[in-house]
């Protein structure tokens with residue numbers, strides 16, 4: 001997965017928060033709010049385009065997975081990281097608070113990208129894409145699928161979207 005794809009996944013995962021920042025004018029009225037909305041909308045568009053391209057153009061395989069366990073709760077835990085910046089955004093009247101908010105967002109970005117947890121994405125869950133941890137040949141993997149439940153042993157038509165991360169393909 002390219003660095004650009006990682007950045008798009010990160011920024012789009014925070015798109016709802018960026019829109020809230022714009023509505024609350026957290027970084028000030030005018031251009032800061034416009035930048036927040038523009039980045040949010042652009043990242044969502046890039047996410048959708050990237051997802052559609054991945055689902056339609058990359059080669060897929062039928063692979064066996066075992067021991068599927070839902071990880072949708074990880075996505076909900078990720079949303080909790082919205083709480084601190086959202087709380088700070090409601091009181092971001094001075095420059096120091098705005099800088100602290102920007103630095104916190106940058107720290108979260110670096111940790112998210114370094115941890116390579118690209119499957120933790122609230123917009124994907126909102127779109128009905130569920131996260132499962134399973135094993136393939138004894139190695140833990142992440143499976144993204146529209147299926148609400150996976151059997152403990154299943155064969156899926158998937159495309160590899162990252163190291164040990166697969167997305168079920170519906171063609």
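Anything in the stretch 136-158 that is part of a strand (DSSP E or B), free of Cβ contacts under 8 Å to residues at least 40 places away in the same chain and farther than 23 Å from residue 56 by Cα? List them, or say none.
The answer is 139, 140.
Just a yes or no: is a residue in the stretch 113-132 over 19 Å from residue 79 (Cβ atoms) and modelled with pLDDT of 85 or more?
No: zero hits.
Tell me, which helices (runs of 4 or more DSSP H) wholly within the stretch 1-103 include 1 or more residues that are modelled with pLDDT of 85 or more?
By residue number, 3-13, 15-24, 31-57.
Which ones in the stretch 123-148 are more than 15 Å from residue 50 (Cα to Cα) and out of contact with any strand residue (DSSP E or B) (no Cβ under 8 Å at 6 or more places or on another chain)?
Result: 126, 128, 137, 138, 139.
The values are calculated or read from the model by the stated rules, or taken from the named source; none is laboratory data. Because the structure is predicted, anything quoted here is derived from the model rather than measured. A quick note on method: Cβ atoms are made from the backbone with ideal geometry, for glycine too, and the neighbour counts reach across all protein chains shown.
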